[in-house]
Amino acid sequence: MEQPLAKSTHQKLPIGKLLKRVFGILIGASLFSVALEIFLVPNNIIDGGIVGISIITSHLSGLPLGVFLFVLNLPFLIIGYKQIGKTFALSTLFGVTIMSIGTTLLHPVPGLTDDPLLAAVFGGILLGIGVGLVLRYGGSLDGTEIVAVLLNKKSPFSVGEIVMFMNLFILSSAGFVFGWDRAMYSLIAYYIAFKMIDLTIEGFQESKAVWIISDNHKDLGDAIVARLGRGVTYLNGEGGYTGDDKKVIFCIITRLEEAKLKLIVEEVDENAFLAVGNIHDVRGGQFKKNAIH
């Protein structure tokens with residue numbers, strides 16, 4: 001008789017990881033608040049998503065921005081709790097609360113610059129770092145991503161495309177409220193923030209995956225280990241045209257080591273096939289660099 005499958009249970013985070021998550025979201029949401037109230041909002045520059053809608057609504061109604069940031073995100077927090085999970089919803093609730101309180105406290109503080117270009121650049125940088133930190137630690141500061149995930153299930157568009165369409169509509173609305181020059185500055189801030197989010201999540205030391213097919217795979221693998229200090233893995237492959245057995249060398253390097261790796265490959269086997277690709281995250285294994293003797 002088959003035994004019933006054990007029901008998976010939610011594992012509580014260790015206190016150390018929990019504190020790290022809380023601190024990361026706290027810093028991220030605080031930086032987001034500074035970006036809004038010290039740089040963007042005083043210069044009538046908006047962000048996309050619920051934040052952009054909140055800035056426009058606050059401007060038109062005269063009510064505090066923090067109120068709209070919290071109230072407009074609340075329905076999506078409920079959806080996120082049902083669709084994505086308790087941990088995500090609680091992390092997002094904490095981040096949105098800090099963001100709302102932060103913008104309310106910083107609202108009386110005068111903007112740091114009245115130059116819209118400087119405000120767009122530095123506001124976008126702080127905005128992107130703030131959002132990236134919150135995402136990195138399992139939360140979110142905007143409900144549009146949750147909407148995009150739900151719409152993606154019933155439409156032919158990807159999550160990224162849906163978010164882009166929504167944000168283009170919201171950023172275009174800034175042209176009618178604040179003027180078209182401010183809408184263009186908003187696009188600059190949004191683009192910079194988008195890039196900074198990726199940089200914050202992935203880190204400054206971008207990793208690359210390398211695949212090498214060579215008849216001298218053993219000599220080439222030994223050279224990479226000895227001269228580059230990186231571990232290698234040999235994979236079994238088969239030529240699609242010839243049917244010959246092949247050995248594929250796989251390893252992970254940083255972008256700073258790419259040039260040296262190519263030099264090693266050229267020296268050992270100039271006819272080797274080499275493919276290099278960007279990767280977003282590396283965990284476990286022996287990725288840590290070994291000492292070169």
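Output the peptides 250-257, 208-215 sorted from most to least packed, where packing is the average of other Cβ atoms within 10 Å over each peptide's residues.
Highest-to-lowest ranking by the protection proxy: 208-215, 250-257.
Can you flag which of Lys17/Lys195; Lys195/Lys262; Lys20/Lys195; Lys20/Lys86; Lys17/Lys82; Lys154/Lys195 are past 21 Å Cα-Cα?
Lys17/Lys195; Lys195/Lys262; Lys20/Lys195; Lys17/Lys82; Lys154/Lys195
Let me spell out the model: positive unit charges on the Cβ of Lys and Arg, negative unit charges on the Cβ of Asp and Glu, origin at the Cα centre of region 224-268. What dipole size does that give, in debye rounded to 20?
Taking the Cα centre of region 224-268 as origin, the dipole is about 240 debye.
Under a 1.4 Å probe, what is the accessible area of region 22-145 per residue, stated in Å²?
42 Å²
Hey, got the Cα dimensions of region 204-281 along the principal axes, in Å, largest first?
Result for region 204-281: principal-axis Cα extents of 41, 25, 18 Å.
Just grab the label-to-label distance for Asp215 and Met164, each label 7 Å out from Cα along the Cβ direction, in nm (one decimal).
Distance between the two pseudo-spin positions: 4.5 nm.
The values are calculated or read from the model by the stated rules, or taken from the named source; none is laboratory data. In this text the structure is predicted, and so the values were computed from the model without any measurement. Reconstructed Cβ throughout: ideal geometry from the backbone, glycine too, with neighbour counts over all protein chains shown. Remember, those area values only see protein heavy atoms, side chains included, never the ligands or the DNA or RNA. Shrake-Rupley method; radii C 1.70, N 1.55, O 1.52, S 1.80 Å.
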